[in-house]
Every structure is written in C-alpha cells, then in structure tokens.
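Below is one structure, written out as structure tokens; comments come after it.
The values are calculated or read from the model by the stated rules, or taken from the named source; none is laboratory data. Just so it is clear, the model here is predicted, and its values are computed rather than measured. Reconstructed Cβ throughout: ideal geometry from the backbone, glycine too, with neighbour counts over all protein chains shown.
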Amino acid sequence: MVFVLLAAFVLAPQARAQFSGAVSPASAYSIPQPQLIQPDALSRLLRAPAAARPLVLQVGSRIFFSQAHIPGSIYAGPGSQPAGLQLLESSVASSPKDRLIILYCGCCPWNRCPNVGPAYHRLRDLGFTHVKVLYLASNFGDDWVAKGYPVEEPQ
C-alpha cells in the first residue's frame, strides 16, 4: 500500500504534465512545428549560392559529428549540456540575429533527443529570430545518410 501511494505521489506530476499538454523545453517536442525543416528542404538550401546558405550547427555528439556530418556544418556542442550550450553561443556570437540557422542532432529518435530542444530555446532566448531544426525522425544515419543526402566524412 505504501508503494502504491508513493508511486502515485511521484508519478502524478509527470502524468499531469503529459496529459495537460505541458512539454519540457528539453524535449524535441517543445519546438514549434513551423520551426522544423525536413531533410529534402535542407538539402535544397545547401545547393544555393554560398551567400544564401544557412548556418548549420550540429548540437549532438562530437563522435557522431566526426564520423559524418552535413557538409559545411559546424560542431556546436551537445545542447543538453552547459558546456555544449556555451559552445553553441560562441558559434553564433558573430552571426546576425536574423540569419537562418539550422540545428540538427540525429543521435537517436526524435522523441528521445536531449539536444535539439535546449539548443533551439537557447538561440531563441539570445534573440535569434530565424532558427529551424532539422527533423530526423529516427536518426542521422537513417534519415539523412541512408537516403543519399550529402555528407562530409573524415579524410
């Protein structure tokens, strides 16, 4: 009986948040739908003249970035960690606030990504007005690499 009461006490706030529509800013689901960009749309933007291309920042694991990444993208640290958010801030420090910035991670399925939500919200808090997040439903390998989109790999 004590276990049931304890479980109800501990889980009740989570259940209320889940069913009330509250979403943690750490969740990828906290990013508004219009701020998501699909892989095919980003691929087209990458073929634009250099001056029209977005700033593309990978906000996930350094290991994944070193294995393969979107051409021209910059490693900006894991968005789920304070040091990663500091690296993200320094990566955009000289960028105009209205520049198109695309964030991506792809470490795991979208519903479990710990990095894109915090990175997106940090840039918005800093005043960046044109931030999009690459929607990778499964992961970078399945939703970008395996579908034939361009990648840079180590030499």
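In a residue-by-residue description of the stretch 31-45, the property of being at pLDDT 95 or above, touching a helix residue (DSSP H, G or I) at 6+ places or on another chain (Cβ under 6 Å) and not in a loop (DSSP other than H, G, I, E, B) applies to at least one position. In the stretch 74-101, the residues that are acidic (Asp, Glu) form Cβ pairs under 6 Å with partners that are part of a loop (DSSP other than H, G, I, E, B), at six or more places apart or across chains, as follows: ASP98/THR129; ASP98/HIS130. For the stretch 129-155, filtering for residues that are aromatic (Phe, Trp, Tyr) and under 14 Å from GLY79 (Cβ atoms) leaves 0. Being surrounded by fewer than 17 Cβ atoms within 10 Å (Cβ to Cβ) and in a helix (DSSP H, G or I) is the filter here, so list the residues in the stretch 117-155 that pass it. ARG124, ASP125, GLY141, ASP142, listed by residue number.
Is it the case that some residue within the stretch 103-114 is touching a residue at least 60 places away in the same chain (Cβ under 8 Å), of a type in the set (S, T, N, Q) and closer than 19 Å to TYR29 by Cβ? Scanning the stretch 103-114, I find at least one residue that is touching a residue at least 60 places away in the same chain (Cβ under 8 Å), of a type in the set (S, T, N, Q) and closer than 19 Å to TYR29 by Cβ, so the answer is yes.
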